[in-house]
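The values are calculated or read from the model by the stated rules, or taken from the named source; none is laboratory data. Since the model is a prediction, treat every value here as computed from it, not as a measurement. Note: ideal-geometry Cβ built from the backbone for every residue, glycine included; neighbour counts use all protein chains shown.
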Amino acid sequence: MKASIADRIQEALRQENLNGWLFCSFRGSDPISENILHLDHARLATRRWFYFVPAVGEPTKLVHAIESELLDALPGKKMVYLPWQQLHSHLGEILAGSQRVAMQYSPLNAIPYIFRVDADSVELVRSFGVDVVSSADQVQIWKQCGLPSRQKLTFSPMLTYGKSSM
């Protein structure tokens, strides 16, 4: 992920009054994250990872000790966890001060193509007092920003859930 991509993500987040975009995956559960972050699809992560791009400031990677190199190609500081308690603690530190964060989540599963984050992760983020909102608008921006053709994402025309009329 080039610095210019991080800059673009941050600008889009500021325009939407979001504090950040939290990417996460477990065993390839989020191909949207892999596409946007230009991660290796062939590399199957066997542990959860998180990548937080704040609206302002340096991104943060949260990876398991067994796969600590997994997100090394991405910019930002790295935090490593081993037991699940450490995962929770580090994620709380990363999200401290955030009020609204985008994730690959769709309220009431209105856009099934965007729903990639498991309920447990959404609940965990909410436990830190953070409002989780859909990343559908941000994903649409990335669809239009020119991902390489083999990585084009196809979504429903109603990506701006709550903003579009049918």
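Within segment 80-102, one or more residues are hydroxyl-bearing (Ser, Thr, Tyr) and in contact (Cβ under 8 Å) with a residue 24 or more places away in the chain.
In segment 8-23, the residues that are exposed (fewer than 14 other Cβ atoms within 10 Å of the Cβ) form Cβ pairs under 6 Å with partners that are aliphatic (A, V, I, L, M), at six or more places apart or across chains, as follows: Arg14/Ala55. The residues in segment 46-71 that are farther than 21 Å from Ser106 by Cβ and touching a Gly at 6+ places or on another chain (Cβ under 7 Å) can be counted, and the count is 6.
Filtered by the rule that a residue be in a helix (DSSP H, G or I) and surrounded by 15 or more Cβ atoms within 10 Å (Cβ to Cβ), segment 86-102 gives Gln86, Leu87, His90, Leu91, Gly92, Ile94, Leu95. Which residue out of Arg43, Arg48, Arg27 is over 13 Å from the mean Cα position of the chain (by Cα) and closer than 19 Å to Leu91 by Cβ? Criteria check complete, one pass: Arg27. Entry remark, segment 103-121: residues being of a type in the set (A, V, I, L, M), surrounded by fewer than 16 Cβ atoms within 10 Å (Cβ to Cβ) and outside any loop (DSSP other than H, G, I, E, B) number 2 in total.
Yes/no per residue for (1) part of a helix (DSSP H, G or I); (2) at pLDDT 80 or above; (3) more than 15 Å from Leu70 (Cα to Cα):
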| position | (1), (2), (3) |
| --- | --- |
| Ile5 | yes, no, yes |
| Leu13 | yes, yes, yes |
| His41 | no, no, no |
| Ala45 | no, yes, no |
| Tyr51 | no, yes, no |
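When Glu58 is tested against (1) surrounded by 15 or more Cβ atoms within 10 Å (Cβ to Cβ); (2) under 15 Å from the mean Cα position of the chain (by Cα); (3) at pLDDT 85 or above, exactly one condition is not met: (1).
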